[in-house]
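Student: Shown below is the structure under consideration.
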Amino acid sequence: MKYGFLKVAAAVPVVKVADVEYNVQQLENLIAQAEGQGVEVIVFPELSLTGYSCQDLFKEQLLVDKAEEGLLVLLDFTRKLDIISIVGLPVQIGALLYNCAAVIQGGTLLGVVPKTYLPNYGEFYEKRWFASAQDLTAQDIYLAGSPVRVAPGPTIFNTCDGARFGVEICEDVWAPTPPSNRLSLAGADVIFNLSASDELVGKHQYLRQLLSQQSARTMCGYVYASSGFGESTQDVVYGGNAMVFENGKLLCEGERFSLQPQIKISQIDVELLRTERRTNSTFITAQSQVRCLPTTIACKPIIPRDFELIRPIDPHPFIPANDKMQESCEEILNIQVAGLAKRLNHINARNAVIGISGGLDSTLALLVTVKAFDRLGLDRKGIIGITMPGFGTTDRTYNNALKLMDALGISVREISIAKAVTQHFHDIGHDPRQHDVTYENAQARERTQILMDVANKENAIVVGTGDLSELALGWATYNGDHMSMYGVNAGVPKTLVRHLVTYLAGEMATEVLLDIVDTPISPELIPGDENGQIKQKTEDLVGPYELHDFFIYYFLRYGFRPAKIFMMACKAFNGRYDDEVIRKWLLTFCRRFFSQQFKRSCMPDGPKVGSVSLSPRGDWRMPSDASSNLWQKDIERLKP
């Protein structure tokens, strides 16, 4: 496990019912394939050594003995392998027979886990052959020539590099209180399930939902392998499911009803799961109620391998998936609209003031304000849109601001800041030819003063336009555009702002919105170039927002260290940005995020939209004078 990723596999072999020798060969082939691809843990279906559908043949001592011999062959086969393999077989303990999972590695039988819940309804009648783990008392047995302790309670396996996993078998996860509940609360990061669930119309979708929910509820990785081709089809059919989940998300899935053996490989981010648990007080409270300590088994040390990230990484984690785009966009907008509508209603404000620059952020804020007014039944003329051209305003953004306000039917005002700021420069003794931070921030603060004063005059509320990405980077003028009376975009990162405006272009002011989306992001605080085009481009100065939003997501959502974020970003943006560029802007992000906390400590109210928020009253509390040295050094050690 490196960078917190555990490489796992769910395997579905082709079996022959009751032909242990054949089945062992199939398992060996898949184990060898997985070992060659660097898999750390592989799980096979329930009773994979014998086949699940042996029925009363499980009463035959010969079959039980041959299954044990087959396990011995597998132990010998894996003697020089690092991979941990989880296989199913019937195990006789005392006078009873149990449906078990055997965990083996490097020629050693690490442990045996018996099935707890035995289905005995419909097409299932396992109690005819097997006893439940609940019937077992902890005892030491010999299996395949190896001493092993079998216990009825939770058993957790610890890999040599710190991952913890547990095992449950098929029906266990269908129970009201699955063993995986106790295993996860006892510390298991990943659950492996050996299954033999047959196929019925509609059952597969239900199964996926069940596994997804169990993975989410227990905040764990969940690896599921179920019997496939070769099992008896006398009365039922086994489709061969192979699925890997991580905290409710399906990472990969095999092909059902395949006539060929298959293996599905993925990487589970154990570090991500532990972060989720650590920050979830409900999980922590549930953990405190665990009274029975688990049996823990240490896995064998392995030879270190080079790490390769094989799972896909979404470069735009804030952007909804295509199949959920409309639903997600509407939900995000509804959160913003509802937040603003409540504030307007609470203070009995029938007017709102908003600065319109012709850029993305003010456009989204205006669209949200319009929707809030419509929902409250207020006249759109109560929205006072003010365009405030200054020294850097270009014709493109100026005209787009006017077109947008006119198309939406709000009140339009134009107040130039040039004279006021020139007078201010004279008052403080600043040379207007010096285009420094004073030159820029004086304009931003003048605009904010205009908005605040007009709001006082009109008994209105100033709607803020700044977004989550700007808050993270501190890309706002303190007590300038940093301030408002309610910031509707405070929980929306820049990439999502662009996405939402594009989405809304389908229903209102289409042409002007699309042009705004295509306009370079800029505060327009210094004059344009010789052709009157935008000269000051934000992404040239602080870096691409799609990179920063990626950094923000994994830094804030999961607390990943920069080295891991860099590795993931290199995978996500492969072919778009080279490693040195990513490293450069990651360092910029780290430096700015720490140095600009003082702005976030006094940010205005605004709605939380997604899983990441920087509100000092909720999700993010950080001292303004925290050092970034540890994080910067972690980046500086990276090899571009």
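The values are calculated or read from the model by the stated rules, or taken from the named source; none is laboratory data. For clarity, every value in this text was computed on a predicted model and none was experimentally measured. Cβ: placed from backbone, ideal geometry, glycine included. Neighbour counts: every protein chain shown. For accessibility, only protein heavy atoms count, side chains too; no ligands or nucleic acids. Shrake-Rupley method; radii C 1.70, N 1.55, O 1.52, S 1.80 Å.
Student: Mind running the shape call on segment 186-277? Use the C-alpha gyration tensor, a ≥ b ≥ c as the square roots of the eigenvalues: rounded below 1.5 for a/c, prolate if a/b tops b/c, oblate otherwise. Walk me through the intermediate numbers first.
Tutor: Numbers: a/c = 2.61, a/b = 2.03, b/c = 1.28.
Verdict is prolate for segment 186-277.
Student: Okay, moving on. Which one, (1) 177; (2) 156; (3) 249, gives volume of the Cα convex hull per residue in Å³ as derived from the coordinates shown?
Tutor: Only one listed value fits the structure, namely (1).
Student: Right, here's the next one. Sort F283, F598 from largest to smallest accessible area, using a 1.4 Å probe on the heavy atoms of the protein chains.
Tutor: Most to least solvent-accessible, the answer reads F598, F283.
Student: Can you work out ³J(HN,Hα) from phi for every residue in segment 369-385, in order, using Karplus 6.51 cos²θ - 1.76 cosθ + 1.60 and θ = phi - 60°, giving whole Hz and x for Gly and Pro?
Tutor: 5, 4, 5, 5, 5, 4, 5, 7, x, 8, 5, 4, 5, x, 8, 9, x
Student: So which lysines pass the test for K203, namely a Cα distance under 20 Å, with those fewer than 8 places away in the same chain ruled out?
Tutor: K249
Student: In square nanometres, what is the average projected area of the Cα convex hull of segment 422-559?
Tutor: Taking a quarter of the hull surface, the average projection is 10.8 nm².
Student: At a Cα cut-off below 20 Å, give the lysines reachable from K403, other chains included and same-chain residues fewer than 8 away excluded.
Tutor: Filter leaves K371, K381.
Student: How many percent of the accessible area of segment 1-111 is carbon or sulfur, using a 1.4 Å probe?
Tutor: Taking all protein chains in place, segment 1-111 shows 49 percent carbon and sulfur surface.
Student: May I pose another question? In whole percent, what relative contact order does segment 479-584 give with Cα contacts below 8 Å and a gap of six or more residues? Walk me through the numbers on the way to the answer.
Tutor: On the way: 58 pairs, mean separation 17.0, N = 106.
After rounding, I find 16 percent.
Student: DSSP loop trypsin sites (Lys or Arg not before Pro) in segment 482-548 with at most 14 other Cβ atoms within 10 Å of their Cβ, which ones?
Tutor: For trypsin sites (Lys or Arg not before Pro) across segment 482-548 that sit outside H, G, I, E and B with at most 14 neighbouring Cβ atoms in 10 Å, the list reads K537.
Student: Could you pull out the pairs from K7/K324; K571/K608; K2/K300; K59/K115 whose alpha carbons sit more than 19 Å apart here?
Tutor: Over 19 Å Cα-Cα: K7/K324; K571/K608.
Student: Just flag the chymotrypsin sites (Phe, Trp or Tyr not before Pro) in segment 424-524 sitting in loop per DSSP whose Cβ has no more than 16 other Cβ atoms within 10 Å.
Tutor: Those satisfying the criteria are Y478.
Student: Would you please classify the overall shape of segment 311-443 from the alpha carbon gyration tensor, given that a ≥ b ≥ c denote the square roots of the eigenvalues, rounded means a/c under 1.5, and beyond that prolate means a/b larger than b/c while oblate covers the rest?
Tutor: It comes out oblate by the Cα gyration axes.
Student: Now a separate question. Ordered by residue, what ³J(HN,Hα) values in Hz, to whole numbers, does segment 328-336 give under the Karplus form 6.51 cos²θ - 1.76 cosθ + 1.60, where θ = phi - 60° and Gly and Pro are x?
Tutor: Values per residue, Gly and Pro as x: 5, 4, 5, 5, 4, 5, 5, 5, 4 Hz.
Student: Which value, in Å², gives the accessible area per residue of segment 499-640 when a 1.4 Å probe is used on the protein heavy atoms?
Tutor: In whole numbers, segment 499-640 has 46 Å² accessible per residue.
Student: For segment 99-173, report the accessible area per residue in Å² (1.4 Å probe, heavy atoms, rounded to an integer).
Tutor: Solvent-accessible surface per residue comes out at 35 Å².
Student: Same structure again: Within the chain, which is the longest segment that contains none of the GluC sites (Glu not before Pro) sitting in a DSSP loop with at most 15 other Cβ atoms within 10 Å? All intermediate terms of the calculation are to be shown ahead of the outcome.
Tutor: Values: sites that count: E60, E123, E255, E308, E507, E530.
The segment 309-506 is the longest one with no such site.
Student: Another one. Please report the carbon-and-sulfur percent of the accessible area for segment 138-178; probe 1.4 Å, protein heavy atoms only, DNA, RNA and ligands left out.
Tutor: Here carbon and sulfur together make up 52 percent of the probe-accessible area.
Student: Please report, as a whole percent, how much of the solvent-accessible surface of segment 287-423 comes from carbon and sulfur atoms (probe radius 1.4 Å).
Tutor: Carbon and sulfur atoms account for 49 percent of the accessible area of segment 287-423.
Student: Let me ask something additional. What 222 nm value per residue comes from the helices of the chain, counting each DSSP H run with n ≥ 4 as -39,500 (n - 2.57) and dividing by all residues, nearest 500 deg cm²/dmol? Kindly include the intermediate steps, with their values, before the conclusion.
Tutor: On the way: 20 runs with 244 residues, N = 640.
That comes out to -12000 deg cm²/dmol.
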